[in-house]
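The structure appears right after this line, and notes come after that.
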Amino acid sequence: VLPEIDDDFAAEAGDVETVADLKDKIRGEIEAQRERDNQGARRKELEDKLIETHEFELPQALLKSQIEEELSNQLRYFQQSGFNPEQLGMSVSSMRERLSESVERRLKLEFILRAIAEREKVDVTEADLKSQVEQVIRSAGAQAQQAARYYSQPNNLAGLRERVLLDKTLDFLLGKATIPSDGEGGTETAESKTDPVDSAESEA
């Protein structure tokens, strides 16, 4: 038997007092998720556009070392999980080939965003870094204390600072892009829109 949806049910279901409050809470969560989905799609489209319009060769030594590092991490994960990649129909060579494309994409995007950050003077403030550390700790779950100890050491913050810089630069470009989210006239192709990098240059 389904429970009656009344104020008592609402109070038990969450930190609300009435059915109306519960509906508002659920509606807000749905809207927030939709916004996250739209934002993720816009970021992905912008990343694709950046890579497409900036053709250059990566240092092969760097690319190779990063691929091997990612491969080692995945093999270590399989080993710790008690699996052999071959049990899942994967060979080391196929894993390396699959990783090559994603690592190349990541490195190219990092190079592009660093260059834009330098040109547009995007920087990471202590408040930015503190906020990111707090977010990482909150999402660490049972390892929250371990994460807090790790990031309490200044020499462990370099990688996090880099991530914040790249994210801020991407957000900076998104603010200049005109790629609409779903529900705003559809999603046009990146090619039909103003290049956010060119836009940033013209406004600099």
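Descriptive notes on the structure:
- Rounded to the nearest whole angstrom, the semi-axes of the ellipsoid equivalent to the range 70-171, taken from the Cα gyration tensor as √(5λ), stand at 31, 22, 9, largest first.
- Within-13-Å neighbourhood charge of D128 [Cβ basis; K, R +1; D, E -1]: -2
- Separation of the alpha carbons by more than 24 angstrom is noted, of K108/K130; K49/K176; K64/K168, for K108/K130; K64/K168.
- For the range 9-72, the extents of the C-alpha atoms along the principal axes are 61, 31, 10 Å, listed from largest to smallest.
Read-outs throughout are calculated quantities, based only on the coordinates presented, and are distinct from any laboratory measurement. Just so you know, these numbers come straight off a predicted model, no measurement behind them. Here the Cβ is made from the backbone with ideal geometry for all residues, glycine too, and neighbour counts use every protein chain on show.
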